[in-house]
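Worksheet for the structure shown next.
The values are calculated or read from the model by the stated rules, or taken from the named source; none is laboratory data. Everything numeric here is computed off the predicted structure, so don't read it as measured data. Glycine gets a Cβ as well: all are built from the backbone with ideal geometry, and neighbour counts include every protein chain shown.
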Amino acid sequence: MIIWLILGVLSFVVGAFTYVRLWSENKERLKLLPTPDIIVALVSHVPSDASVRPSPKRHIVAGVSICMGVCLLVGVGISQLPFVKPDYNAHGTALTAAGLTFGILISIISFWTLWQTKKIESLQGAYFPGFKKLTDDLTKELEKLNQDFVDHGCSASAGHRLIFITKNPYFGVLSFFNDPIEIRFRNALCAAAENVSRSQGATKFCMVVLCGNVGTIEAFNREFFENKFPLLNQTDRDAKITDANNKTEALLAELDAKARMQVVFRGANIPDLQFAIASHTVFEFILLEPRAGSITGIAGARKIEDGLVCSRFLKQYELIKKLNP
């Protein structure tokens, strides 16, 4: 009996250790998710970068080890109950071994199938649980894009592009200004603008920010503060709106300055369904006004890593551009 106990403990430890490794290696990607989503990701499929070929091996090892460990420990525990009188024989041992083998095989197939399902779901569009998570993932994609451009000697290829269509492109200025995520987003956006000016050769880094005009951004900011601080007096609320307007306009001017050409274009007809194309990845989202005391809300936000989808969104961008001459 002691053998099964040791095997159960070892299996459980192997599974737990594998899950801990998965968490530590993907902590930055997972930490903004709600706890239930973190558990689902660790068990089934941790979203990976497009440059990394995903593998289900560790998910299968961890899942099967945990299940086998728990089952063995429960079995040992039941066998030690006072009303249980074990009667071992060749037939019982054979059947028990056959059942254990069958259970392990079924577990492997089940965890592999679960991983495949979550992988397909991710490729079709990984949904974001909140605006901060959307900003964080977009920032990471921009940082990866900027680094890839530098690694290629500042020589732009077709994938070195950022097309950003949104009413207010300064993510975080209203909801979490000076938060580390907002600072990284601002720096990544400015670095992308610098890529335009330091491009080598005839092909430049492609960057287009199509956003609301002054009136659109001011209306967007006003709606935000009126919903977030409904009890704030008008003078203080107007001061916050003015400050947000100035910060947004300053960033947009800085982007043009760093690019040494116009990369920011303004218009009054920005649709509610907005998006960003960073290299071969699309971020699609709808920005919503916040509830009292909350941050900017989002709906239908998803990330799609697919070149064909990017091409279709580029056509959408051309249509939106025609509406904002």
Open item on the list: Looking only at the range 173-206, how many residues end up being closer than 18 Å to Lys133 by Cβ and either free of Cβ contacts under 8 Å to residues at least 40 places away in the same chain or not basic (Lys, Arg) (or both)?
Closed with: 13
Open item on the list: Conditions first: (1) of a type outside the set (A, V, I, L, M); (2) at pLDDT below 75; (3) more than 30 Å from Leu5 (Cβ to Cβ); (4) surrounded by 13 or more Cβ atoms within 10 Å (Cβ to Cβ). Gly75 passes all but one, so which condition is the exception?
Closed with: (3)
Task: Of all residues making up the range 232-274, the number that are assigned to a loop (DSSP other than H, G, I, E, B) and surrounded by fewer than 15 Cβ atoms within 10 Å (Cβ to Cβ) - done: 9
Task: Top-ranked residue in the range 275-313 [being part of a helix (DSSP H, G or I) and touching a strand residue (DSSP E or B) at 6+ places or on another chain (Cβ under 7 Å); ranked as modelled with the highest pLDDT] - done: Phe313
Task: Residue that is modelled with the lowest pLDDT [pool: residues in the range 115-159 that are β-branched (Val, Ile, Thr) and under 30 Å from Val64 (Cβ atoms)] - done: Ile120
Task: Residue ID - nearest to Ala268 (Cα to Cα), chosen from residues in the range 204-231 that are in a loop (DSSP other than H, G, I, E, B) and at pLDDT 85 or above - done: Asn213
Task: Subset of the range 28-45 [at pLDDT 75 or above and part of a loop (DSSP other than H, G, I, E, B)] - done: Ser44
- [ ] Scan the range 38-49 and report the pairs whose first residue is within 17 Å of Ser107 (Cα to Cα) and whose second residue is at pLDDT 75 or above and in a loop (DSSP other than H, G, I, E, B), with Cβ atoms within less than 8 Å and a gap of 6+ or a chain change.
- [x] His45/Pro56
Open item on the list: All but one of (1) among the small types (Gly, Ala, Ser); (2) within 18 Å of Leu314 (Cβ to Cβ); (3) part of a loop (DSSP other than H, G, I, E, B) hold for Ala192; state the number of the condition that does not hold.
Closed with: (3)
Task: Checklist (1) in contact (Cβ under 8 Å) with a residue 40 or more places away in the chain; (2) crowded, with 18+ Cβ neighbours inside 10 Å applied to Cys310, failing item - done: (1)
Open item on the list: Yes or no: the range 181-197 includes at least one residue that is modelled with pLDDT under 90 and not hydroxyl-bearing (Ser, Thr, Tyr).
Closed with: no
Task: Of residues in the range 159-190 being of a type in the set (S, T, N, Q) and out of contact with any helix residue (DSSP H, G or I) (no Cβ under 9 Å at 6 or more places or on another chain), the one surrounded by the fewest Cβ atoms within 10 Å (Cβ to Cβ) - done: Asn178
TODO: Give the range 132-172 a look and list any residue that's assigned to a loop (DSSP other than H, G, I, E, B) and farther than 18 Å from Leu210 by Cβ, or say none.
DONE: His152, Gly153, Cys154, Ser155, Ala156, Ser157, Ala158, Gly159, His160, Gly172
Task: Evaluation of Ser155 against (1) within 20 Å of the chain's Cα centre (by Cα); (2) among the hydroxyl-bearing types (Ser, Thr, Tyr); (3) surrounded by fewer than 17 Cβ atoms within 10 Å (Cβ to Cβ) (one fails), failing number - done: (1)
